[in-house]
Ligand SMILES: Nc1ncnc2c1ncn2[C@@H]1O[C@H](COP(=O)(O)OP(=O)(O)OP(=O)(O)O)[C@@H](O)[C@H]1O
Ligand SMILES: [Mg+2]
């Protein structure tokens, strides 16, 4: 077990109430190497948070075991806690004291973590500088933006200099710029300080960018483990055509109806407005028959382009998960798409 930073074996969590049982995490076994940046990717309700919480000793499993740097989460939770920093879906910053300043929060948590004051101060200052939060440190946390709270929670999770970080959706709710900063920061923690990071996300883009390896989880089960590239390769047979039409929203329904009526199109996957254009992605069986048919049915509209496109990791994921492609649209992923 000591050969790996994180090991889980058949880890299982079942939530029970009077009426039913939900197997939130279903016999999950993974091994994460020292220094690895590992992404756990899955849709809503897949079991990401539950899994992360069990590893962080915040939730007791019903079955199975896990070890952090060789220490059992069941038998040695205190040793485990010394070695991990965690942040759990706390994008609102509930785990901070809102009536204290950023600095007082950090010093309070450092004392709970038994970090000597002098060391805590030095680490806090370095991390604050790194995340560009120095100027805000004397402000009350209640006056922080979401991004500032997330950064403060990240700093909090690092005060005892843990080897392993367990981060549940650390970039959720961040604006683009803050998300980039946080991602860069995490990547540097792995590259320069050799931290092992388990990171959960809905966001294909960041997982693809950041992680050395990805596990895809769906309905509590790991359905794939590999590099971002391997996931893409696995689904190379997905054929996507991207259509860009200069059009108004009032035409959208009509255009979608026309596309859906074509037998050469499997499914309309996605559409969104981009300035004056509407972008639509469809899956097809064969480019050579589909593209001319699409062009034909859209005659009369100002078609900017009809082109082959690579599947996004999200489309890849849905394929791997065997999720019916009809369910793919905004309903599953909401605004959290790429
Ligand atoms: N405290 C709880 N009591 C009962 N059921 C729960 C509880 N927490 C989670 N669940 C259920 O367990 C399953 C897994 O939830 P979990 O929060 O781990 O998923 P997730 O992948 O983190 O989802 P999200 O992307 O929405 O954060 C879901 O079906 C969820 O409804
Ligand atoms: Mg979650």
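The set of residues from the stretch 266-282 being over 15 Å from residue 304 (Cβ atoms) and buried (at least 20 other Cβ atoms within 10 Å of the Cβ) comprises 268, 269, 270, 282. Scoring residue 5 on the criteria (1) surrounded by fewer than 20 Cβ atoms within 10 Å (Cβ to Cβ); (2) in contact (Cβ under 8 Å) with a residue 12 or more places away in the chain leaves a single failure, condition (1). A search for C-beta distances below 6 Å between a residue of the stretch 41-64 that is in the same structural domain as residue 162 (by TED's automatic domain parsing) and any residue that is within 12 Å of ligand 1 (Cβ to nearest atom) and assigned to a helix (DSSP H, G or I), counting only pairs 6+ apart in sequence or on different chains, returns 42/48; 43/332; 59/53; 61/54. When 13, 31 are checked against the criterion of being assigned to a strand (DSSP E or B) and touching a helix residue (DSSP H, G or I) at 6+ places or on another chain (Cβ under 7 Å), a single residue qualifies: 13.
Please specify each residue of the stretch 43-89 satisfying the condition of being in a loop (DSSP other than H, G, I, E, B), within 15 Å of ligand 1 (Cβ to nearest atom), farther than 14 Å from residue 26 by Cα and touching a strand residue (DSSP E or B) at 6+ places or on another chain (Cβ under 8 Å). Of everything in the stretch 43-89, those that are in a loop (DSSP other than H, G, I, E, B), within 15 Å of ligand 1 (Cβ to nearest atom), farther than 14 Å from residue 26 by Cα and touching a strand residue (DSSP E or B) at 6+ places or on another chain (Cβ under 8 Å) turn out to be 43, 56, 58, 59, 89. Take the conditions (1) more than 16 Å from ligand 1 (Cβ to nearest atom); (2) in contact (Cβ under 8 Å) with a residue 60 or more places away in the chain; (3) closer than 29 Å to residue 131 by Cβ; (4) out of contact with any strand residue (DSSP E or B) (no Cβ under 7 Å at 6 or more places or on another chain); residue 116 misses just one of them, which is (2). Checking the stretch 32-40 against the condition returns a match, with at least one residue being surrounded by fewer than 15 Cβ atoms within 10 Å (Cβ to Cβ) and either under 20 Å from residue 216 (Cα atoms) or within 16 Å of ligand 1 (Cβ to nearest atom) (or both).
The values are calculated or read from the model by the stated rules, or taken from the named source; none is laboratory data. From a predicted model like this one, the values you see are computed outputs, not experimental measurements. All Cβ positions, even for glycine, are placed from backbone atoms using ideal geometry, and neighbour counts span all protein chains on display.
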